[in-house]
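The values are calculated or read from the model by the stated rules, or taken from the named source; none is laboratory data. Predicted model only: the values in this text are computed from it and were never measured. Here the Cβ is made from the backbone with ideal geometry for all residues, glycine too, and neighbour counts use every protein chain on show.
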Amino acid sequence: MAQRKKSTKKGTKPSSSSKFVFWIIGLIAISIVGFIFLANNDKSDDTAKEDIDYANQPFLGEESAPVSIVEFGDYKCPNCKNFADNVVPLVVKEFVDTGKAKFYYFHYPFINVDSKRTAKFSEAVYAQLGNDKFWEFHELIYDKQPEDIRYEKIDVFTEEFLTETLEEIASEEEVKKVVDYFDTKEPEDAWKSDEDLANELGVSGTPTIFVNGKRFDGETMDDLNKLVEDAAKEKGNE
């Protein structure tokens, strides 16, 4: 997990000496799991349920699904890219497509100004073009994330770059709507609301996952499946 440096708000650069936690390859029907955290991820002993407001947040799945899986992510975070590329497809297959859960993305843009700019732009995409177009843009941005050493450099995800990226999946009229809205205060308020929630929940790095408000501190798909199943049972008893 990319960690937040409290004094500078800079991400921790991955190093070859860092230990990583991998979600292991399943033996039967589960393909590669690439959920990677940095070894200095602080484990949380607090399993108390926290309140999360899911209204007006982009998600995958059926609204009626009993379980809500939340990722707090940063578009400049290399571990979030690994998560988006290798784990989210498994989450969708195992939980979203089966109707067990829906998957939300919340912004925690702590690495640098590019992170905040991209979070704001994606909020503008969501507000103006809707949920489906948000996820198209979301996936494309992670596909375009710079390699390793460049991830902390600023002015990589410029407004021009973000606009050109959106042009790959949206019409000229749609792009104009997003760019005009990006220049207002609303999309900034939206990502800052996500960040405020992350701080309330004790998020210190990305990706950080919650299941029905409970922080996930496991390491395997089996661990996540158990938390999802437990959350579904609790929901059924409410």
Next item on the list: Specify which of the listed residues (D155, D143) is modelled with pLDDT under 95 and over 20 Å from I69 (Cβ atoms).
Entry: D155
Next item on the list: Determine whether the stretch 167-184 contains at least one residue that is in contact (Cβ under 8 Å) with a residue 60 or more places away in the chain and buried (at least 18 other Cβ atoms within 10 Å of the Cβ).
Entry: yes
Check: Which of the residues spanning the stretch 98-113 are surrounded by fewer than 24 Cβ atoms within 10 Å (Cβ to Cβ) and more than 12 Å from S68 (Cβ to Cβ)?
Finding: T98, G99, N112, V113
Next item on the list: Might you let me know whether the stretch 87-94 holds any residue that is free of Cβ contacts under 8 Å to residues at least 40 places away in the same chain, under 12 Å from the mean Cα position of the chain (by Cα) and either crowded, with 24+ Cβ neighbours inside 10 Å or not in a strand (DSSP E or B) (or both)?
Entry: yes
Note to self: Just the residues that are under 30 Å from E159 (Cβ atoms), at pLDDT 95 or above and among the polar types (S, T, N, Q), please, taken from the stretch 177-222.
What the structure shows: T184, S193, N199, T206, T208
Next item on the list: All but one of (1) surrounded by 15 or more Cβ atoms within 10 Å (Cβ to Cβ); (2) not in a loop (DSSP other than H, G, I, E, B) hold for D222, so report the exception by its number.
Entry: (1)
Note to self: Every residue in the stretch 171-196 that is in contact with a Leu (Cβ under 9 Å, 6 or more places away or on another chain) and closer than 20 Å to Y105 by Cα, please.
What the structure shows: V178, F182
Check: Among F161, F137, which is the only one that is more than 17 Å from G73 (Cβ to Cβ) and of a type in the set (F, W, Y)?
Finding: F161
Notebook entry, point to check: Is there a residue being under 17 Å from the mean Cα position of the chain (by Cα) and of a type in the set (G, A, S) anywhere in the stretch 186-197?
Noted result: yes
Next item on the list: Determine whether F83 is within 17 Å of the chain's Cα centre (by Cα), closer than 19 Å to G213 by Cβ and modelled with pLDDT of 95 or more.
Entry: no
